[in-house]
Amino acid sequence: MDLIFLHGLGQNPSSWNETLSFLPQCIKAHCPDLLNLCEDKTYEKIYLAFENYVDDFLNPINLCGISLGAVLALNYTLNHADKVSSLVLIAPQYKMPKLLLRFQNIVFHIMPDSLISKDGIAKQDIIQLTNSMRFLDFEQELKSVACSTLIICGQKDTANIKAAKKMANLISNSKLYLIDKSGHEINVFASKKLANAMSLFYKTNN
């Protein structure tokens, strides 16, 4: 089973390593480096580059994304429902919280480049990306998601748990799984619990 893992902002493909180590061997994992798919670090350009990346897969795919990766996975599913077999959304948002993004960017501007820039991605690129996401809103389209969907959020992830619960209500063929004692980066700090939830989901839906 081909499964594409999409990392979050501030992460990279290796952020999935622990989770992958606990998943069944039948899963063929693909972990693109999202912020290096294109030169222009805006959401639109990254999404289009991701679309091109997925074009190389002939069979319907299974998508799993966290945070930024969850937004991209949802966006792709809404545009290409026929190509997505299943969807796992971790710490997701369907409508970008403008105030939170604005506050985040203020913090980014103040922080030294060395604390923000990672894997060759400059601070200004990260600020540009978050600015370009401010007006994303998929709320009206959520009911059109037809594939089997698992929505996962940490119980301590206060920034995303409300959105996760609402998405579970709006996507008809979905299940919500909350991971106890976990915050935002579940794939890094609660990888075994995440893998267990995903394994059960794939066992039930494939």
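The values are calculated or read from the model by the stated rules, or taken from the named source; none is laboratory data. Everything quoted here is computed from the prediction, not taken from an experiment. Neighbour counts run over all protein chains shown; Cβ positions are idealised from the backbone, glycine included. Surface areas here come from the heavy atoms of the whole protein model, side chains and all, with no ligands, DNA or RNA. Shrake-Rupley method; radii C 1.70, N 1.55, O 1.52, S 1.80 Å.
Looking at the stretch 65-74, is at least one residue surrounded by fewer than 20 Cβ atoms within 10 Å (Cβ to Cβ) and closer than 21 Å to residue 176 by Cα? No: zero hits. If only residues of the stretch 156-182 that are open to solvent by less than 30 Å² (accessible area, probe 1.4 Å) and part of a loop (DSSP other than H, G, I, E, B) are counted, the one that is nearest to residue 19 (Cα to Cα) is 182.
Taking each residue of the stretch 33-52 that is closer than 16 Å to residue 123 by Cβ and looking for partners that are assigned to a helix (DSSP H, G or I) and open to solvent by 40 Å² or more (accessible area, probe 1.4 Å) with beta-carbon atoms closer than 8 Å, six or more apart or interchain, yields 35/125; 41/125; 41/128; 42/128; 42/132. Report yes if some residue within the stretch 142-149 is in contact (Cβ under 8 Å) with a residue 40 or more places away in the chain and closer than 20 Å to residue 24 by Cα; otherwise report no. Checking the stretch 142-149: at least one residue is in contact (Cβ under 8 Å) with a residue 40 or more places away in the chain and closer than 20 Å to residue 24 by Cα.
Against the criterion of being in contact with a strand residue (DSSP E or B) (Cβ under 9 Å, 6 or more places away or on another chain), surrounded by 15 or more Cβ atoms within 10 Å (Cβ to Cβ), over 25 Å from residue 202 (Cα atoms) and at pLDDT below 90, residue 116 does not qualify. Just one of (1) touching an Asp or Glu at 6+ places or on another chain (Cβ under 9 Å); (2) open to solvent by 30 Å² or more (accessible area, probe 1.4 Å); (3) more than 18 Å from residue 188 (Cβ to Cβ) fails for residue 27. It is (2). Pairing each residue of the stretch 180-206 that is under 10 Å from residue 154 (Cα atoms) and touching a residue at least 12 places away in the same chain (Cβ under 8 Å) with any residue that is of a type in the set (D, E, K, R) and crowded, with 19+ Cβ neighbours inside 10 Å, provided the two are 6+ apart or on different chains, yields C-beta distances under 6 Å for 183/157; 184/157. You will find that of 184, 109, the residue that is within 20 Å of residue 13 (Cα to Cα), modelled with pLDDT under 95 and not charged (D, E, K, R) is 184 and no other.
A search for C-beta distances below 7 Å between a residue of the stretch 75-92 that is over 28 Å from residue 180 (Cα atoms) and any residue that is open to solvent by 40 Å² or more (accessible area, probe 1.4 Å) and aliphatic (A, V, I, L, M), counting only pairs 6+ apart in sequence or on different chains, returns 81/146.
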